[in-house]
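The values are calculated or read from the model by the stated rules, or taken from the named source; none is laboratory data. Keep in mind it's a predicted model, so treat the numbers as computed, not measured. Cβ atoms come from the backbone with ideal geometry, glycine included; neighbour counts cover every protein chain shown. Remember, those area values only see protein heavy atoms, side chains included, never the ligands or the DNA or RNA. Shrake-Rupley method; radii C 1.70, N 1.55, O 1.52, S 1.80 Å.
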Amino acid sequence: MTQPTDYKIEIKKHFEIGLNRSKINHISCISNRIKNENLTKEMVDELIKKEGKICPELLQFFNNIEDYTSSKIITQQDEIEAIKAAIIQSKEEIDKLMIEALEEPGLLYELNECFIEMYNQLGDTIKEMNYTDWIGLKNPNKNLDVLYLHVKNEQITYSQFDLEINYTVFQTNQFKEAFEHRIHLLEQYRAYLTEVYARHLMLPSKKILPIIQYKKGSKTKISELIYAIETENKTIIDCAKFTEFLLKIFKISRDEYKKHCHEIRNRKERAIYTKDLKDAIVSLPL
């Protein structure tokens with residue numbers, strides 16, 4: 001027997017693929033001096049010992065340094081395109097899961113909660129998407145796998161004490177572009193989730209409003225019952241809305257209902273189905 005799907009867990013799993021792909025985990029730093037002088041790691045270490053910190057000119061921001069070293073991702077544009085693709089795929093998977101999930105009864109509240117959690121996570125990630133917060137969260141004093149220096153086609157890890165980021169106009173623009181690109185993509189992700197939420201949870205009639213099946217030729221009988229409730233109603237305050245609700249769940253159009261009501265008024269004996277119902281209740285055993 002197959003286990004029932006936990007839609008909340010599945011939705012969160014696909015959401016986090018798009019979310020996590022947007023995060024910066026590494027900065028690859030390129031120093032023109034080291035590149036031009038063709039220095040080895042040992043020579044770079046000696047240079048740091050003698051002259052102090054290295055000030056790299058070019059900064060590249062990556063989610064996974066292995067993608068960069070294996071040439072899956074070469075440019076910053078490649079990185080942005082990969083984030084976009086992951087976010088779109090996550091949104092499409094969430095959309096599919098929502099269609100399945102709303103076929104199950106009683107999940108509406110849980111799914112609303114799930115979307116609130118995702119919104120909050122996106123909001124927190126957008127707030128933290130700047131270099132100051134990023135470097136603080138990464139804590140380079142304890143974790144060297146944050147700043148990489150490009151040395152002879154290798155990515156060598158160095159601490160923030162060895163690599164000094166100079167806030168020149170050029171470097172500030174690199175930071176701004178890298179982090180703002182991701183902020184823009186995360187905001188787009190939030191817009192995608194709003195679209196999915198609106199389609200499935202804010203306008204749920206197509207999936208949540210039950211359509212009652214009945215035998216062919218019973219429409220007039222059902223219309224008679226609705227007409228009786230509508231005509232004789234003394235207890236339901238908003239009777240017009242109640243009538244609309246009944247017509248929707250029995251899939252009877254307003255025009256069909258009017259036609260049936262006209263037929264009922266023109267009958268010799270108006271109550272046929274409602275009389276049968278009354279007789280059935282009367283004949284119930286005590």
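So the values come out like this:
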item: Any chance E104 is open to solvent by 80 Å² or more (accessible area, probe 1.4 Å) and charged (D, E, K, R); result: yes
item: Answer from I252, I281, I264 - the residue that is out of contact with any Leu (no Cβ under 6 Å at 6 or more places or on another chain), in a helix (DSSP H, G or I) and open to solvent by less than 90 Å² (accessible area, probe 1.4 Å); result: I264
item: Hits in the range 56-72 - residues which are surrounded by fewer than 15 Cβ atoms within 10 Å (Cβ to Cβ) and closer than 14 Å to I34 by Cβ; result: L58
item: Those helices (runs of 4 or more DSSP H) lying entirely in the range 81-197 with at least 2 residues over 18 Å from the mean Cα position of the chain (by Cα) and within 15 Å of R21 (Cβ to Cβ); result: 169-197
item: Pairs with Cβ under 6 Å, 6+ apart, first in the range 146-173 and touching a residue at least 40 places away in the same chain (Cβ under 8 Å) and over 14 Å from K35 (Cα atoms), second open to solvent by less than 80 Å² (accessible area, probe 1.4 Å) and assigned to a helix (DSSP H, G or I); result: V146/K138; D162/I48
item: Residue list for the range 228-253, restricted to those being more than 17 Å from I212 (Cβ to Cβ) and either at pLDDT 85 or above or not small (G, A, S) (or both); result: A228, E230, T231, E232, N233, K234, T235, I236, I237, D238, C239, K241
item: Count - residues of the range 176-202 that are over 13 Å from N130 (Cβ atoms) and of a type in the set (D, E); result: 2
item: Residue match in the range 146-161 (condition: at pLDDT below 80, more than 25 Å from A86 (Cα to Cα) and in contact with a helix residue (DSSP H, G or I) (Cβ under 9 Å, 6 or more places away or on another chain)); result: yes
item: Sole residue being of a type in the set (F, W, Y) and without any contact (Cβ under 8 Å) to a residue 24 or more places away in the chain, chosen from Y109, Y68, Y119; result: Y109
item: Residue match in the range 220-236 (condition: under 30 Å from K96 (Cα atoms) and either open to solvent by less than 100 Å² (accessible area, probe 1.4 Å) or part of a helix (DSSP H, G or I) (or both)); result: no
item: Lone qualifier among N130, N120, N112, N173 - being within 30 Å of K41 (Cβ to Cβ) and out of contact with any Lys or Arg (no Cβ under 9 Å at 6 or more places or on another chain); result: N173
item: Single condition P210 does not satisfy, out of (1) closer than 30 Å to K259 by Cβ; (2) at pLDDT 90 or above; result: (2)
item: Of all residues making up the range 30-52, the number that are basic (K, R) and either exposed (fewer than 12 other Cβ atoms within 10 Å of the Cβ) or free of Cβ contacts under 8 Å to residues at least 60 places away in the same chain (or both); result: 3
item: From T125, T75, T132, residue being at pLDDT 85 or above and surrounded by fewer than 12 Cβ atoms within 10 Å (Cβ to Cβ); result: T75
